[in-house]
Amino acid sequence: MATRGIIPTHPAPAVAFMVAACGIATFSAMDAAMKGLSISLGVLNALLWRSIFSTAIAGVIFFARRSPWP
């Protein structure tokens with residue numbers, strides 16, 4: 001990694017910071033949504049909707065990234 005004085009010229013620290021910030025923002029939004037849903041729908045219904053939403057998102061990512069069969 002090349003440095004010019006104190007400031008590193010490699011973008012890895014900025015990328016790592018942005019990934020961490022996006023993760024924190026995602027979990028904060030999920031926490032706020034779950035608190036609102038659990039108050040309005042009840043805990044079990046909120047957990048059901050979270051599971052359905054998570055399965056849909058994970059399924060899309062899985063089918064988009066998997067390699068084709070030989």
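The values are calculated or read from the model by the stated rules, or taken from the named source; none is laboratory data. Computed from a prediction, not measured in an experiment: that's the story for all the values here. For neighbour counting, all protein chains shown are included, and Cβ atoms are generated from backbone atoms with ideal geometry for every residue, glycine included. Protein only, heavy atoms only, side chains kept; ligands, DNA and RNA dropped before computing areas. Shrake-Rupley method; radii C 1.70, N 1.55, O 1.52, S 1.80 Å.
Starting from segment 25-40, keep only residues that are over 13 Å from SER51 (Cβ atoms) and small (Gly, Ala, Ser), then list their pairs with residues that are open to solvent by less than 60 Å² (accessible area, probe 1.4 Å) and part of a helix (DSSP H, G or I) whose Cβ atoms are within a distance under 6 Å, requiring at least 6 positions of separation or different chains.
Hits for this filter: SER38/ALA46.
Look at segment 8-38 and say how many of its residues are modelled with pLDDT under 90, open to solvent by 70 Å² or more (accessible area, probe 1.4 Å), assigned to a helix (DSSP H, G or I) and polar (S, T, N, Q).
0
Tally up the residues in segment 39-70 that are in a loop (DSSP other than H, G, I, E, B) and not aromatic (Phe, Trp, Tyr), please.
To start, the set of residues in segment 39-70 that are in a loop (DSSP other than H, G, I, E, B) comprises 41-42, 66-70.
From the residues that got through so far, the ones that are not aromatic (Phe, Trp, Tyr) too are 41-42, 66-68, 70.
Here the count works out to 6.
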